[in-house]
Amino acid sequence: MAGSYFAYDKTGRLRIKPGEAIYECNNKCVCDEKCVNRVIQRGRSNNLCIFRTANGCGWGVRTEKPLRKGEYVCEYVGEIITSEEANDRGLTYDAIGRTYLFDLDYNTSGESVYTIDAALYGNISHFINHSCNPNLAVFPFWINNLDINMPRLAFFSLRPIKAGEELTFDYVRTDYENLSAAEKVSCRCGAENCRKVLF
């Protein structure tokens, strides 16, 4: 990665802003696994716990130890499907009121080609709930696969997070105000700045 700077500081904390991409060292680099630019590849070092929320949002995820601002939390994983397949599955998921589809629309030159579906295949990240005032942000990242249409997704803390605090991110990345009333889903996050609409 000569001539550019890494996304992390020397302690492994993120130093880029939400919306920016992460390019970690890959199998073409001569560095070892201790390289400061291999944070996600080392896996998560925090203990996360699934719990039943009290606000009617179903299951959620909380951290069992404090997290620093900019700390790697986990990767959002699932089945990678085409956008066409995601549209078909989305109709089914909408009918049951539950979806774990995450469009990989970080390529600014056009529509997303792929979507991650974590409904049947995934990890603890699929239980992370929405908040209009989130404590996590999603970052696209690339390691060995550099296909611009197929980033992987990682959660990082936006601020210090206390042990036992629920982890949340903002599901809204599109213009929800142009949706019809029938398409809108009400938000139950309870944040002071709640938009009242999830998507």
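Ellipsoid fit via the Cα gyration tensor, region 28-174: semi-axes of 24, 23, 12 Å, each the root of five times an eigenvalue, largest first.
Under a 5 Å amide H cut-off, with hydrogens placed 1.01 Å from N, L167 pairs with V61, R62, T63 among residues at least 5 apart or on other chains. Taking every DSSP bridge with both residues inside the chain, close to 85 percent are antiparallel.
Here is the list for region 86-165: chymotrypsin sites (Phe, Trp or Tyr not before Pro) lying in DSSP coil, each with at most 15 other C-beta atoms within 10 angstrom of its C-beta, are Y121. Given +1 at the Cβ of Lys and Arg, -1 at the Cβ of Asp and Glu and no other charges, the dipole of the chain around its Cα centre is 1080 debye to the nearest 20. The N26 and C194 beta-carbon pair, evaluated with R₀ = 30 Å, returns a calculated FRET efficiency of approximately 0.15. Would you give the gap between the C-alpha center of region 28-63 and the C-alpha center of region 114-176, rounded to a whole Å? Cα centroid to Cα centroid, the span is 10 Å. Length available on full extension from D147 to N123: 0.36 nm per residue minus the Cα-Cα distance, which gives 6.3 nm.
Using a/c under 1.5 as the rounded threshold, could you call region 1-88 rounded, prolate or oblate? The axes a ≥ b ≥ c are square roots of the C-alpha gyration tensor eigenvalues, and prolate needs a/b larger than b/c, oblate otherwise. Oblate, since a/c reaches 1.5 and b/c is not below a/b. Against the chain, whose longest principal axis is taken from its Cα atoms, helix 83-96 shows a tilt of about 40°.
Once the C-beta distance of S186 and S45 is scaled by a Förster radius of 35 Å, the resulting FRET efficiency is 0.45 to the nearest 0.05. By the rule of a C-alpha distance below 25 Å, with chain neighbours fewer than 8 residues away ignored, the lysines paired with K17 are K34, K65, K69, K162.
Computed from the coordinates by the stated procedures, all read-outs in this text should not be read as laboratory data. None of these values were measured; they are calculated from a predicted model. Note: ideal-geometry Cβ built from the backbone for every residue, glycine included; neighbour counts use all protein chains shown.
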